[in-house]
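First comes the structure, then the notes that go with it.
The values are calculated or read from the model by the stated rules, or taken from the named source; none is laboratory data. Keep in mind that this is a model prediction, so the values were computed, not measured. Every residue, glycine as well, gets a Cβ built from its backbone with ideal geometry; the counts of neighbours run over all protein chains shown. Please note that ligands, DNA and RNA were not included when accessible areas were found on the heavy atoms of the full protein model with its side chains. Shrake-Rupley method; radii C 1.70, N 1.55, O 1.52, S 1.80 Å.
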Amino acid sequence: MCLKNKEKIKKIAVLTSGGDSPGMNPAIRAIVRTAIYNKIEVLGIKNGYDGLINDWTIPLTSRSVGGIINKGGTMLFSARSEDFQKPAGRQAALKTLKKYNVSGLIVIGGDGTYRGAHALHNETGFSVIGVPGTIDNDIAGTDYTIGFYTAVDTAMQAIDKIRDTAVSHNRLFLVEVMGRHAGFIALASAIAGGAEDALIPETKTDIKELCKRLHEGKKRGKISSIIVVAEGDEEGNAIEIAKKIEKKGGYETRVSVIGYQQRGGSPSALDRILGTRLGNAAVEELLKGTQSAMVGIQQNKVVTHPLEMAWKEKKSINKTLVSLIGIMSV
Ligand code: F6P
């Protein structure tokens with residue numbers, strides 16, 4: 001632990017922004033408790049950047065973050081702020097930070113959240129640290145984002161249940177999971193759920209080829225199949241793709257959209273530990289005097305990168321996992 005600038009920091013603020021994710025609460029708890037351990041006060045900002053602009057704040061103590069480690073969602077609430085995208089909004093936010101004598105801001109969210117923090121830092125010099133919190137796992141510079149594996153568990157449990165009925169009726173099911181621009185949840189839940197395929201935006205979806213594979217599977221004795229579809233697949237959503245499969249392959253299909261369940265629920269052990277490690281690391285960065293960075297986890301080590309990495313670098317999917325799905329569906 002580097003305590004070089006510890007004396008200079010008296011108060012920090014924390015907010016959650018963008019789509020919530022299970023594990024944000026453990027991260028808030030870790031930030032508050034690490035700060036208090038280091039004799040730093042913490043101001044909670046409600047409703048993301050909107051709360052910063054409008055002075056919706058709450059002092060956070062060790063006790064006020066008690067009993068939240070197992071809770072989904074975010075005790076600070078979240079929002080996607082349009083006002084903060086404008087310089088006037090960021091100036092209003094700075095006013096709130098100054099009013100409370102805050103000298104560092106920790107933001108938990110996805111790349112949109114990081115963009116906001118980066119703009120605030122560039123314009124005002126205010127110290128900002130980003131913590132990756134999104135179920136989509138689409139942030140470069142970290143192997144996993146907080147909430148990803150809980151969402152995968154939720155999707156997997158839904159797939160398990162769908163499998164029961166798919167087998168009973170010899171049916172082909174398309175299960176849609178979240179991921180507007182990324183297929184990480186689809187890929188991981190397809191492997192964990194033993195699906196036939198994962199249709200994701202990062203790889204080309206070929207309906208004809210898919211139908212051929214389904215047909216060959218049938219010939220090998222498969223009586224039911226599950227295809228996981230990322231909502232952002234370039235061929236469309238699960239309903240649209242199901243129609244194409246019915247037309248091209250002559251299959252009768254059923255569709256199940258898992259939806260927002262994936263964003264909720266008690267965080268898994270993995271996400272609680274990740275939230276705790278990254279929340280702690282964010283405070284440590286402010287203590288070190290870091291003025292702008294994101295924290296992440298790579299090869300089980302806490303790392304830091306520039307905030308811009310989140311939108312300048314596209315995180316690639318693991319190609320081995322893609323081929324594993326094919327191998328496992330023989
Ligand atoms: O948090 C990311 C995400 O879950 C995407 O996968 C999804 O498309 C999006 O949020 C939807 O969020 P909202 O309806 O809150 O804008």
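Tell me whether the range 239-258 contains one or more residues that are out of contact with any Gly (no Cβ under 6 Å at 6 or more places or on another chain), open to solvent by 70 Å² or more (accessible area, probe 1.4 Å), under 19 Å from T150 (Cα atoms) and not assigned by TED's automatic domain parsing to the domain that holds Y37.
Within the range 239-258, one or more residues are out of contact with any Gly (no Cβ under 6 Å at 6 or more places or on another chain), open to solvent by 70 Å² or more (accessible area, probe 1.4 Å), under 19 Å from T150 (Cα atoms) and not assigned by TED's automatic domain parsing to the domain that holds Y37.
Give the residue, chosen from R213, R220, R180, that is within 16 Å of the ligand (Cβ to nearest atom) and modelled with pLDDT under 95.
Numbers: R213 fails: within 16 Å of the ligand (Cβ to nearest atom); R220 fails: within 16 Å of the ligand (Cβ to nearest atom).
Of the residues listed, the single one that is within 16 Å of the ligand (Cβ to nearest atom) and modelled with pLDDT under 95 is R180.
For the range 178-225, what are the residues that are surrounded by fewer than 20 Cβ atoms within 10 Å (Cβ to Cβ) and on the phi > 0 side of the Ramachandran plot?
G194, G221, listed by residue number.
Matching residues to (1) modelled with pLDDT under 95; (2) open to solvent by 20 Å² or more (accessible area, probe 1.4 Å); (3) of a type outside the set (S, T, Y):
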residue: L3; (1), (2), (3): yes, yes, yes
residue: A13; (1), (2), (3): no, no, yes
residue: S21; (1), (2), (3): no, no, no
residue: A27; (1), (2), (3): no, no, yes
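Quickly run through the range 73-118 and pick out the residues that are within 28 Å of T150 (Cβ to Cβ), part of a helix (DSSP H, G or I) and free of Cβ contacts under 8 Å to residues at least 60 places away in the same chain.
Passing the criteria: only F84.
Can you confirm whether the range 56-66 contains a residue that is charged (D, E, K, R) and more than 30 Å from I273 (Cβ to Cβ)?
At the first step, the residues of the range 56-66 found to be charged (D, E, K, R) are 63.
Checking which are more than 30 Å from I273 (Cβ to Cβ) leaves us with none.
Looking for residues that are charged (D, E, K, R) and more than 30 Å from I273 (Cβ to Cβ), one finds none in the range 56-66, hence no.
Does T203 qualify as being of a type in the set (S, T, Y), touching a residue at least 12 places away in the same chain (Cβ under 8 Å) and in a helix (DSSP H, G or I)?
Working: of a type in the set (S, T, Y): yes; touching a residue at least 12 places away in the same chain (Cβ under 8 Å): yes; in a helix (DSSP H, G or I): no.
When the stated conditions are applied, T203 does not pass them.
Could you check, for the range 66-78, whether at least one of its residues is of a type in the set (K, R), buried (at least 19 other Cβ atoms within 10 Å of the Cβ) and assigned by TED's automatic domain parsing to the domain that holds E284?
Of all residues in the range 66-78, those of a type in the set (K, R) come to 71.
So of that shortlist, the ones also buried (at least 19 other Cβ atoms within 10 Å of the Cβ) come out as none.
No, the conditions are met nowhere in the range 66-78.
Could you check the range 157-171 and list, in sequence order, the residues that are touching a Ser or Thr at 6+ places or on another chain (Cβ under 8 Å), more than 16 Å from the ligand (Cβ to nearest atom) and either part of a loop (DSSP other than H, G, I, E, B) or open to solvent by 10 Å² or more (accessible area, probe 1.4 Å) (or both)? Show your work before the answer.
Residues of the range 157-171 that are touching a Ser or Thr at 6+ places or on another chain (Cβ under 8 Å), as a first pass: 158-159, 162-163, 166-167, 169-171.
Subset that is more than 16 Å from the ligand (Cβ to nearest atom): 159, 162-163, 166-167, 169-171.
I162, R163, V167, H169, N170, R171 - these are the residues of the range 157-171 that are touching a Ser or Thr at 6+ places or on another chain (Cβ under 8 Å), more than 16 Å from the ligand (Cβ to nearest atom) and either part of a loop (DSSP other than H, G, I, E, B) or open to solvent by 10 Å² or more (accessible area, probe 1.4 Å) (or both).
List the helices (runs of 4 or more DSSP H) inside the range 260-330, counting only whole elements, that have at least 2 residues being in the same structural domain as A117 (by TED's automatic domain parsing), of a type in the set (G, A, S) and open to solvent by less than 50 Å² (accessible area, probe 1.4 Å).
On the way: elements: 269-288, 309-312, 319-328.
The helices (runs of 4 or more DSSP H) meeting that bar are 269-288.
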